[in-house]
Amino acid sequence: MKLHIILIPALLGLGLAGCGSKSGVAGMEPSRAAKSGCEWVAAGDDALGVKFLVENCGGKRPSITRKANVIQIGDGGARIEVYGKLFAQPAIGAIKEQFLSRLSPEEFKGCIVTPQPENLKAPKGMNVFAIVPSPDYLMAAKAKRDADPAAMICGDHGQGPVQSFFLAEQANAGGRLLHVFAGGEDAGFDALSARLETDKAMSAKLEQLPVENLETAELAAFALESDLKRFQEAGGQWIEGERESSYSVFSKDSQPVVVVEQAKVSDKVDAGIRSYYRGGKLFLIRANELATRSGISKSQDVIWKRIAFGADGKVMGSRAVVNGVAMELSQQQIDEAVKAASAVVEKAAKQ
């Protein structure tokens, strides 16, 4: 099935007429010509470290606004969403965890993440990905599109009537992932021009980013982890019942900032857990677990949990993925995760 593209001008190497040299950002080049009487100029959001090109037509250009992790460009639906991830996690793995996992059973079985989307050429220094129907799902996807031309195929970050895709730069900006919606014909936005400031340049800004949802919590957490050597470190081990734990607590001014724990519960669970604090208050828990199913010693579930908290301690957002499929976290599971994180801090304080 062909991508339904409203971004009509060719994305495969048109001349750079109208561009001039006003982008002002290294490596940011237009993928198409600007409209007659317009020129490409640099725009972006400093708080998230995202730069891109918009059309300046006689002094008029699209408005740029941001709410949490979403940058809205103009009034035609164009936007860039910024997501955090662990630096070592490949972009394709982050896309599967955060987006593919949430699809309906039918689409989860029928959709894949491709590193070579049709009709898209990766910008220099960037990787481009898309969630698309697999060959076995093409006919069903076409039937959905024929029944409803506005339908989204493969989820709300898959294929729609307007082009969208993921962009990543693992080498210099491995803690962030972009999802770009091109917008309509008159968006005045070059979707393939989007670039990320380096993680090194952005770490201080992201560390101070207001935590408004799970996505901004993950961005702030990545920034805290970018240079743990600046914090005081204390470590230890303990055994309590069936639980064995080894941990490192990174703190500043006697308050925890990042807590890293490796925990094992008998032969049932082996978990890597990281908790993040701002002003001494917990704002994010990331847990990756291998859990042995009851009575089946050789079968293990791979479980990822992400829980973000507001300044009031209430959950702002959460994500759980079990064997690649999204699951809901119960309040009991959240309470247990908070209790386990608090226990490590308390143990470290007594050392």
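The values are calculated or read from the model by the stated rules, or taken from the named source; none is laboratory data. These numbers were taken from a predicted model, which means no experiment stands behind them. For neighbour counting, all protein chains shown are included, and Cβ atoms are generated from backbone atoms with ideal geometry for every residue, glycine included. Quick note on the areas: whole protein, heavy atoms, side chains included, nothing else; ligands and nucleic acids left out. Shrake-Rupley method; radii C 1.70, N 1.55, O 1.52, S 1.80 Å.
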Q) Can you name the number of the only condition in (1) part of a strand (DSSP E or B); (2) over 25 Å from Ala94 (Cα atoms); (3) open to solvent by 60 Å² or more (accessible area, probe 1.4 Å) that Asp267 fails? A) (1)
Q | Tally, over region 302-326, of residues that are of a type outside the set (Val, Ile, Thr) and farther than 17 Å from Gly93 by Cα | A | 10
(Q) Quick test for you: out of Ala26, Ala43, pick the one residue that is small (Gly, Ala, Ser) and modelled with pLDDT of 95 or more. (A) Ala43
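Could you list all residues from region 146-166 that are hydrophobic (A, V, I, L, M, F, W, C), more than 17 Å from Leu100 (Cβ to Cβ) and touching a residue at least 12 places away in the same chain (Cβ under 8 Å)? Lay out the reasoning, then the answer.
Within region 146-166, the first condition is being hydrophobic (A, V, I, L, M, F, W, C), and the residues that meet it are 147, 150-154, 162, 165-166.
Narrowing the set further to residues that are more than 17 Å from Leu100 (Cβ to Cβ) leaves 147, 150-151, 162.
Selection gives Val162 alone.
Mind checking which residues of region 236-264 are among the β-branched types (Val, Ile, Thr), surrounded by 14 or more Cβ atoms within 10 Å (Cβ to Cβ) and at pLDDT below 95? Break it down into steps so the answer makes sense when it comes.
Start the filter on region 236-264 by keeping residues that are among the β-branched types (Val, Ile, Thr), which leaves 239, 249, 257-260.
Filter once more, so that each one left must be surrounded by 14 or more Cβ atoms within 10 Å (Cβ to Cβ): 249, 257-260.
Hits for region 236-264: nothing passes.
Please find, within region 41-61, the residue that is nearest to Leu206 (Cα to Cα) out of those that are touching a residue at least 60 places away in the same chain (Cβ under 8 Å) and buried (at least 20 other Cβ atoms within 10 Å of the Cβ).
Step one: of region 41-61, the residues touching a residue at least 60 places away in the same chain (Cβ under 8 Å) are 46-55, 57, 61.
Next, from what is left, pick out any that are buried (at least 20 other Cβ atoms within 10 Å of the Cβ): 48-55.
Numbers: Leu48: 7, Gly49: 9, Val50: 12, Lys51: 15, Phe52: 19, Leu53: 22, Val54: 24, Glu55: 28 Å.
Checking each candidate, the answer is Leu48.
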(Q) Looking for something touching a Phe, Trp or Tyr at 6+ places or on another chain (Cβ under 9 Å), part of a strand (DSSP E or B) and open to solvent by 60 Å² or more (accessible area, probe 1.4 Å) - is there at least one such residue anywhere in region 227-235? (A) yes
Q: Kindly establish whether Ala68 is within 18 Å of the chain's Cα centre (by Cα) and farther than 21 Å from Phe129 by Cα.
A: yes
Q: Would you be able to say whether some residue in region 324-340 is in contact with a helix residue (DSSP H, G or I) (Cβ under 9 Å, 6 or more places away or on another chain), under 25 Å from Leu228 (Cβ atoms) and crowded, with 16+ Cβ neighbours inside 10 Å?
A: no
(Q) Looking at the structure I just gave you, is Ala287 among the hydrophobic types (A, V, I, L, M, F, W, C) and either open to solvent by less than 70 Å² (accessible area, probe 1.4 Å) or touching a helix residue (DSSP H, G or I) at 6+ places or on another chain (Cβ under 6 Å) (or both)? (A) yes
Q. Which of the residues belonging to region 29-40 are at pLDDT below 95, buried (at least 20 other Cβ atoms within 10 Å of the Cβ) and not basic (Lys, Arg)?
A. Pro30, Ser31, Ala34
